[in-house]
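First up is the structure itself, then whatever we jot down about it.
The values are calculated or read from the model by the stated rules, or taken from the named source; none is laboratory data. What you are looking at is a predicted structure, and each value in this text was computed from that prediction instead of being measured. All Cβ positions, even for glycine, are placed from backbone atoms using ideal geometry, and neighbour counts span all protein chains on display. When the accessible area is computed, the model is the full protein with side chains, heavy atoms only, and any ligands, DNA or RNA have been set aside. Shrake-Rupley method; radii C 1.70, N 1.55, O 1.52, S 1.80 Å.
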Amino acid sequence: MTGKERDRRITDLGTLKALAHPLRMQLYRGLTIARAATASQLAEQVDEAVSLVSYHLRKLAEHGLIEEAEPRSADGRERWWQPSSDGVSIRDEDFRDAPEKAAAHTAASRLFFEQRADMYRRFLDERAHWGEAWNTAAGSSEATLRLTPAELAELNKEMLVLIRRYDERGAAADAAGDLEGRENVAVHTYAFPFRI
């Protein structure tokens, strides 16, 4: 673990809107994966101009979502950035008290979902290039349960504990230099009520 705040809770509309910009969310995700990067490195990843990426990084920094990082190279002209926390948490109850806030939360949730779906679509398109071991290990499933709100909340908490345990295991292996065979792995879960 990095010692940073875990899952910083976003409760204000300005910060939510700052993050809920398609390019900013891509940059935030890129920084989360890289742990630290420059605007030039991120611009290459997202295929945008460095000046545009720098502008959006400053906007994320204004809202405390990212911060300057220690330089990772001798080039003192390059500004390094890192997430200011280990993830963010956005909860419905913080945005349901006003129509504008509820609409912004819904729009942000839709954006995050679409970006996650795009990540999975990319994996499906590139599946043949990942090889047998990764294709066997990757999974997709759906379960239909009959639960109360309290049981659903408990299920979500238990899944998060499990995910964090594997996150810590991977971070410890990285810190020990055990990089052989390791790749970034996205875990997306959605648990929600529905009626037929």
Does P22 count as open to solvent by 20 Å² or more (accessible area, probe 1.4 Å) and touching a Phe, Trp or Tyr at 6+ places or on another chain (Cβ under 8 Å)? no
Hey, could you check region 141-155 for residues that are in a helix (DSSP H, G or I) and either modelled with pLDDT under 95 or of a type in the set (D, E, K, R) (or both) and say which is nearest to the chain's Cα centre (by Cα)? E154
So which residues in region 151-180 are exposed (fewer than 12 other Cβ atoms within 10 Å of the Cβ) and touching a residue at least 40 places away in the same chain (Cβ under 8 Å), if there are any at all? E168
Would it be correct to say that H129 is exposed (fewer than 12 other Cβ atoms within 10 Å of the Cβ) and in a helix (DSSP H, G or I)? yes
Using beta carbons and a limit of 7 Å, which pairs, at least six apart or on different chains, have the first residue in region 88-117 and under 22 Å from G64 (Cα atoms) and in contact (Cβ under 8 Å) with a residue 60 or more places away in the chain and the second one surrounded by 13 or more Cβ atoms within 10 Å (Cβ to Cβ) and among the hydroxyl-bearing types (S, T, Y)? D94/T11
Can you report the number of residues in region 45-80 which are among the aromatic types (F, W, Y) and touching a strand residue (DSSP E or B) at 6+ places or on another chain (Cβ under 6 Å)? 1
Residue pairs qualifying under the 6 Å Cβ cut-off, at least six apart or on distinct chains, with the first in region 17-39 being of a type in the set (G, A, S) and the second being open to solvent by 10 Å² or more (accessible area, probe 1.4 Å) and in a helix (DSSP H, G or I), are A18/K59; A20/L111; G30/Q45; A39/V50; A39/S54
Could you grab the pairs with beta carbons closer than 9 Å, sequence gap of 6+ or different chains, first residue in region 132-144 and free of Cβ contacts under 8 Å to residues at least 40 places away in the same chain, second one surrounded by 10 or more Cβ atoms within 10 Å (Cβ to Cβ)? N135/R127; A137/V185; A138/F123; A138/R127; A138/W130; A138/V185; S140/Y120
Taking the residues in region 25-55 that are of a type in the set (V, I, T) and touching a helix residue (DSSP H, G or I) at 6+ places or on another chain (Cβ under 7 Å) as candidates, determine which candidate is least open to solvent (accessible area, probe 1.4 Å). V53
If you take the residues of region 74-108 that are touching an Asp or Glu at 6+ places or on another chain (Cβ under 9 Å) and under 15 Å from D12 (Cα atoms), which of them is surrounded by the most Cβ atoms within 10 Å (Cβ to Cβ)? H105
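Which one of A117, A191, A138 is modelled with pLDDT under 95 and open to solvent by less than 60 Å² (accessible area, probe 1.4 Å)?
A191
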